[in-house]
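What follows is a short report on a single structure.
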Amino acid sequence: MSISITSPEPVERRTAVWTDDGVSLAVREYGPTDAPVTVVLLHGHCLGAESWSLVRDDLMRRYAEARIVCYDHRGHGESAQAPARTYTLEQLARDLHGVLRAVVPTGPVVLIGHSMGGMTILTYARAHPDEIGTRIVGVGLIATTASGLADAGLGRLLRNPVLSWLRAAVGSAPTSMEQVKRLGCRVFAPVIGGVEFGDRTVSHRVLAQAIAMHERTPIVTMTGFLNSILTYDESRTVPALSAVRTLVLCGSADLVTPPTHAVVIAAQLKNCDFVCVDGAGHSVILEQPAPVADAIARLVTRVPASGIGAAQVA
C-alpha cells in the first residue's frame with residue numbers, strides 16, 4: 001500500500017442508516033468505494049462527524065486511495081434524537097455494527113475513535129471479538145480511556161452531585177432545561193476553549209466550530225450519556241486489540257482524559273504506535289489535525305489489506 005501526495009476535493013456521499021431500534025443515523029462517505037481498506041471515524045461526546053473534517057481532508061491528501069466513513073452518533077449532529085434510555089455505549093456499539101453492515105458489508109476496516117468514539121470501539125470489540133483481526137484490521141484510540149474516566153482530570157466532575165440533579169431535571173423538564181442550556185452555552189462559550197484545547201493558541205474558526213457543535217447537541221443527549229460514561233469499564237477488552245495494528249494518541253495537555261489513560265492502554269498492546277501530541281488538549285483532532293492525520297495514515301499503510309474481511313457482517 002502506498003501513500004499518494006495529491007490534493008483532491010473530497011466528494012461527499014450522504015446516506016441514512018437505520019439502527020436496530022429505528023433511529024436514523026446521518027452517514028458520510030468519501031473516497032473510492034473499492035478502496036483496499038475503509039477507515040471509519042467515530043466522534044466524541046457533544047461533537048459530530050464534522051469534528052473530523054480537518055483530519056479527514058488531511059488524510060485524503062496524504063492517502064488518495066482511502067475510503068473514509070464517518071457518521072453522527074444518535075442524538076448528535078444530523079442524526080435523529082432517540083429515547084434517553086438508549087444513550088449508552090452499548091447502544092453506540094450496536095449502532096456501529098449497523099453502520100458497518102449497511103455501508104461496509106465486506107472488506108477490511110480500520111476503526112478510529114475520539115474520546116467517546118474510542119470507548120464505543122472498545123465496547124464493540126468486546127461484543128464482537130471474532131471480528132478483531134478478521135474484519136477489523138486496525139484500531140485507533142484518540143484522547144480516550146479504557147476505564148476510570150471519573151478518577152482523574154476533569155472527568156472527576158462526573159461524580160459531582162450536581163450532575164445527578166441536572167440529569168433528573170432534564171428528565172422531568174427537558175424543554176425548559178434546553179432553554180437554560182442554550183443560554184449557558186452562550187455565557188460559558190469561552191470555557192470550552194479552556195477545557196477542550198491545550199496550551200497553544202487555537203484559531204477563532206476552530207474554536208467557533210467546537211462551540212457550534214456543543215450548542216447543537218441537545219441537553220438530553222448531553223446528560224443522557226453521562227451515566228454510561230461514568231460506569232464504563234472496558235479495561236479487560238484492551239489486550240484483545242493486540243491482534244491488530246493499533247494507534248493510541250493523546251494530547252500532552254488533555255484535561256479531560258489525561259495522558260496517563262493513553263499510557264495505560266498502550267502498555268498492554270503489541271504492534272502499538274503511541275503518539276503524544278505536545279501541547280494538545282482533548283480536542284486534538286481539531287487543534288492539531290496534521291499529526292493526527294499523519295498517525296492515522298501510518299496506521300492504515302501498515303495494516304493488511306488483502307485476503308481479509310471477505311465474510312459479510314452478520
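The values are calculated or read from the model by the stated rules, or taken from the named source; none is laboratory data. Nothing here was measured: the structure is a model prediction, and the numbers come from that model. For neighbour counting, all protein chains shown are included, and Cβ atoms are generated from backbone atoms with ideal geometry for every residue, glycine included.
Restricting the range 276-293 to residues that are within 20 Å of L149 (Cα to Cα) and within 14 Å of the chain's Cα centre (by Cα) leaves a set whose member that is surrounded by the fewest Cβ atoms within 10 Å (Cβ to Cβ) is H282.
Of all residues in the range 214-229, how many are in a helix (DSSP H, G or I) and either among the β-branched types (V, I, T) or under 16 Å from the mean Cα position of the chain (by Cα) (or both)?
Step one: of the range 214-229, the residues in a helix (DSSP H, G or I) are 214-216, 219-224, 226-229.
Those left that are additionally either among the β-branched types (V, I, T) or under 16 Å from the mean Cα position of the chain (by Cα) (or both): 214, 219-223, 226, 228-229.
The number of residues fulfilling the criteria is 9.
State whether the residues of the range 170-185 include one that is in contact with a Ser or Thr (Cβ under 6 Å, 6 or more places away or on another chain) and either modelled with pLDDT of 95 or more or more than 30 Å from R56 (Cα to Cα) (or both). Yes, the range 170-185 has at least one match. A residue that is modelled with pLDDT of 95 or more, crowded, with 19+ Cβ neighbours inside 10 Å and in a helix (DSSP H, G or I) cannot be found anywhere in the range 5-25.
Confirm whether C276 is outside any helix (DSSP H, G or I) and in contact (Cβ under 8 Å) with a residue 40 or more places away in the chain.
Details: outside any helix (DSSP H, G or I): yes; in contact (Cβ under 8 Å) with a residue 40 or more places away in the chain: no.
Answer is no for this residue.
Within the range 248-282, the set of residues being under 11 Å from A143 (Cβ atoms) and touching a Phe, Trp or Tyr at 6+ places or on another chain (Cβ under 6 Å) comprises V248, G281.
Looking at this structure, is D294 touching a residue at least 40 places away in the same chain (Cβ under 8 Å) and in a helix (DSSP H, G or I)? Show your work before the answer.
Numbers: touching a residue at least 40 places away in the same chain (Cβ under 8 Å): yes; in a helix (DSSP H, G or I): yes.
Yes.
Close Cβ contacts (under 7 Å, 6 or more residues apart or on different chains) running from residues in the range 197-215 that are touching a residue at least 60 places away in the same chain (Cβ under 8 Å) and surrounded by 11 or more Cβ atoms within 10 Å (Cβ to Cβ) to residues that are in a helix (DSSP H, G or I) and small (G, A, S) comprise V202/G193; M213/S51. If you go through the range 76-92 and keep only what is under 14 Å from the mean Cα position of the chain (by Cα) and either surrounded by 24 or more Cβ atoms within 10 Å (Cβ to Cβ) or in a helix (DSSP H, G or I) (or both), you end up with H76, L89, L92.
When you check G107 against the structure, is it at pLDDT 95 or above and either within 20 Å of R302 (Cα to Cα) or buried (at least 21 other Cβ atoms within 10 Å of the Cβ) (or both), yes or no? Please lay out each step first, then the result.
Values: at pLDDT 95 or above: no; either within 20 Å of R302 (Cα to Cα) or buried (at least 21 other Cβ atoms within 10 Å of the Cβ) (or both): yes.
So G107 does not fit the description; no.
So V139 fits all but one of (1) of a type in the set (A, V, I, L, M); (2) in a helix (DSSP H, G or I); (3) touching a helix residue (DSSP H, G or I) at 6+ places or on another chain (Cβ under 6 Å); (4) farther than 18 Å from Y30 by Cβ; what number is the exception? Single failed check for V139: (2). Within the set T123, T144, T134, T106, the sole residue that is closer than 30 Å to P258 by Cβ, touching a residue at least 60 places away in the same chain (Cβ under 8 Å) and assigned to a loop (DSSP other than H, G, I, E, B) turns out to be T144. For the range 235-255, a residue qualifies if it is of a type outside the set (A, V, I, L, M) and closer than 27 Å to P289 by Cα, and the qualifying residues are S242, R245, T246, C250, G251, S252, D254.
Table: residues versus (1) hydrophobic (A, V, I, L, M, F, W, C); (2) assigned to a helix (DSSP H, G or I); (3) surrounded by fewer than 18 Cβ atoms within 10 Å (Cβ to Cβ); (4) touching an Asp or Glu at 6+ places or on another chain (Cβ under 6 Å).
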{"site": "S242", "(1), (2), (3), (4)": "no, yes, yes, no"}
{"site": "T246", "(1), (2), (3), (4)": "no, no, no, no"}
{"site": "C250", "(1), (2), (3), (4)": "yes, no, no, no"}
{"site": "A253", "(1), (2), (3), (4)": "yes, no, no, yes"}
{"site": "T257", "(1), (2), (3), (4)": "no, no, no, no"}
{"site": "T260", "(1), (2), (3), (4)": "no, yes, yes, no"}
